[in-house]
């Protein structure tokens with residue numbers, strides 16, 4: 001019998017962002033080369049005439065993964081010139097709130 005994962009939180013946060021921002025276009029990569037002390041656990045990289053690239057550290061602890069992915073997707077949505085300002089904060093909160101709502105409403109979540 002194969003292992004079944006009823007809810008994948010990483011896929012869920014991406015789907016929440018896509019539902020809120022259907023025109024969002026970016027790529028997410030995992031990297032063991034991000035130095036979390038220098039670069040943090042994630043980065044959104046903007047290159048002219050290319051879609052944003054999100055790089056997530058493989059050193060990231062599992063419990064922080066959803067927040068960091070939402071954080072970096074918010075950068076991709078808000079744009080390069082809205083780093084941690086009110087526009088970015090609003091996007092970040094919308095993505096997080098949508099994810100919390102989705103997880104709360106998901107019938108596959110079981111209390112431990």
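The values are calculated or read from the model by the stated rules, or taken from the named source; none is laboratory data. Since we're looking at a predicted model, the values are computed, not measured. Neighbour counts run over all protein chains shown; Cβ positions are idealised from the backbone, glycine included.
All conditions in (1) surrounded by 13 or more Cβ atoms within 10 Å (Cβ to Cβ); (2) out of contact with any strand residue (DSSP E or B) (no Cβ under 8 Å at 6 or more places or on another chain); (3) in a helix (DSSP H, G or I) hold for residue 101, with the sole exception of (1). Looking at (1) over 22 Å from residue 7 (Cα atoms); (2) out of contact with any strand residue (DSSP E or B) (no Cβ under 6 Å at 6 or more places or on another chain); (3) surrounded by 14 or more Cβ atoms within 10 Å (Cβ to Cβ), which is the only condition residue 94 fails? Of the numbered conditions (1) over 22 Å from residue 7 (Cα atoms); (2) out of contact with any strand residue (DSSP E or B) (no Cβ under 6 Å at 6 or more places or on another chain); (3) surrounded by 14 or more Cβ atoms within 10 Å (Cβ to Cβ), the odd one out for residue 94 is (1). Confirm whether residue 70 is out of contact with any strand residue (DSSP E or B) (no Cβ under 9 Å at 6 or more places or on another chain), surrounded by 13 or more Cβ atoms within 10 Å (Cβ to Cβ) and modelled with pLDDT of 95 or more. The answer is yes for residue 70. Candidates are the residues of region 37-64 that are touching a strand residue (DSSP E or B) at 6+ places or on another chain (Cβ under 7 Å) and farther than 18 Å from residue 83 by Cβ; the one that is surrounded by the most Cβ atoms within 10 Å (Cβ to Cβ) is 57. If you filter region 1-24 down to residues that are free of Cβ contacts under 8 Å to residues at least 40 places away in the same chain and in a loop (DSSP other than H, G, I, E, B), you find that the one that is surrounded by the most Cβ atoms within 10 Å (Cβ to Cβ) is 8. Taken together, the residues in region 44-64 that are within 20 Å of residue 89 (Cβ to Cβ) and touching a helix residue (DSSP H, G or I) at 6+ places or on another chain (Cβ under 7 Å) amount to 3.
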